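So the structure is just underneath, and the comments pick up after that.
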Amino acid sequence: MSDADRPSPTRTIPFGQRGEVLVFSDAESLARAAAAAFADVVSAAVAARGLATVALSGGSTPRRMGELLAAEPYRSGIPWASIEVFWGDERWVALESDESNAGVAMRTFLGKVAVGPSRINPFPVELPDAALAANVYATRLRTVTGETDGPPVLDLVILGMGDDGHTASLFPGMAAIHEKESLVVAHHVPKLDATRLTLSPPVLNAGREIMFLVGGSAKADVLRDVLLGPEQPDDLPSQVIRPTSGRLRWLVDEAAAAKLCELSGG
Ligand code: 6PG
């Protein structure tokens, strides 16, 4: 693996419980660093436990990472056959839709690497209703992780953040931000007038490695507020992400980190 495949951050800024921010020069370096981190985490999990469980994110920022993972050195360098793939959230649309997080990931990279088809776990959007799909997905998470009572522990949870501070499908003002019992929530998102399914905070926070991918100047204000502002998860749901015992890292580009740098002197 060359240095180009594994860019070094231009800055690393610790934010205590809110995680560590690694700033990369641009979107391409961010994607390359994310692909290298993905490879490191899943390879270590497979070496340690024989299996790696991953929750992918939707949105545009992770797409370039996916393209890189479907090419060398990752295509042959990652133990794909020992990875179980889940999603942190999903839109209530068919897999064939361009709006489908799972569908897009399967078409852009998962279909090009040696993940076992039975180990790709999209939300069951073919079911008659979203609440049922949420329950079925919760059962699948328990079956794969073997976790019978506490939140299932995933090896890697990848998240994005919207410019309104939402993450997964935890949008401002929604009750699911405070969900403590259900592993998976199906809810109608008024601001989108759409149904979404999302892993709940206890599951997201149980991740051994939680990795936000955040890029672009449109995210600079909200990233500053989430990391440096007062605790207000109802307005900034990304603040509800606090690892139970795992590690939280933010991989961001310079544009997204612009306002961070001003305040943190980083
Ligand atoms: C989704 C995502 C969502 C996403 C953010 C950021 O289904 O849309 O899971 O939480 O991560 O909206 O999206 P971008 O990366 O496109 O900015």
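Some observations on this one:
- Scanning the range 27-61 for residues that are out of contact with any helix residue (DSSP H, G or I) (no Cβ under 7 Å at 6 or more places or on another chain), of a type outside the set (Val, Ile, Thr) and either crowded, with 19+ Cβ neighbours inside 10 Å or part of a loop (DSSP other than H, G, I, E, B) (or both) yields Ser29, Leu30, Ala33, Ala37, Ala45, Ala55, Ser57, Gly59, Ser60.
- Note on the range 90-115: among residues that are of a type in the set (Asp, Glu) and assigned to a loop (DSSP other than H, G, I, E, B), the one that is nearest to Ile158 (Cα to Cα) is Glu99.
- Residues in the range 25-55 that are over 30 Å from Ile120 (Cα atoms) and within 20 Å of the chain's Cα centre (by Cα): Asp26 alone.
- Selection of first residues in the range 210-236 that are more than 22 Å from Val157 (Cβ to Cβ) and within 10 Å of the ligand (Cβ to nearest atom) and of second residues that are part of a loop (DSSP other than H, G, I, E, B) and not small (Gly, Ala, Ser), restricted to Cβ pairs under 6 Å at least 6 apart or on distinct chains, gives the following pairs, ordered by first then second residue: Ala218/Asp163.
- Scanning the range 69-86 for residues that are free of Cβ contacts under 8 Å to residues at least 60 places away in the same chain and outside any loop (DSSP other than H, G, I, E, B) yields Leu69, Tyr74, Arg75, Ser76, Trp80, Ala81, Ser82, Ile83, Val85.
- Some residue of the range 185-200 being open to solvent by 50 Å² or more (accessible area, probe 1.4 Å), within 14 Å of the ligand (Cβ to nearest atom) and free of Cβ contacts under 8 Å to residues at least 40 places away in the same chain: yes
- Under the condition of being more than 10 Å from the ligand (Cβ to nearest atom) and open to solvent by 30 Å² or more (accessible area, probe 1.4 Å), the residues counted in the range 85-105 number 7.
- When the range 136-172 is filtered for residues that are assigned to a loop (DSSP other than H, G, I, E, B), away from the ligand (no atom under 16 Å from the Cβ) and open to solvent by 30 Å² or more (accessible area, probe 1.4 Å), the ones remaining, listed by number, are Gly146, Glu147, Thr148, Asp149, Pro151, Val153.
The values are calculated or read from the model by the stated rules, or taken from the named source; none is laboratory data. Since the model is a prediction, treat every value here as computed from it, not as a measurement. Don't worry about glycine lacking a Cβ; one is built from the backbone with ideal geometry, like all the others, and counts go over all protein chains shown. The accessibility values were calculated without ligands, DNA or RNA, using every heavy atom of the protein model including side chains. Shrake-Rupley method; radii C 1.70, N 1.55, O 1.52, S 1.80 Å.
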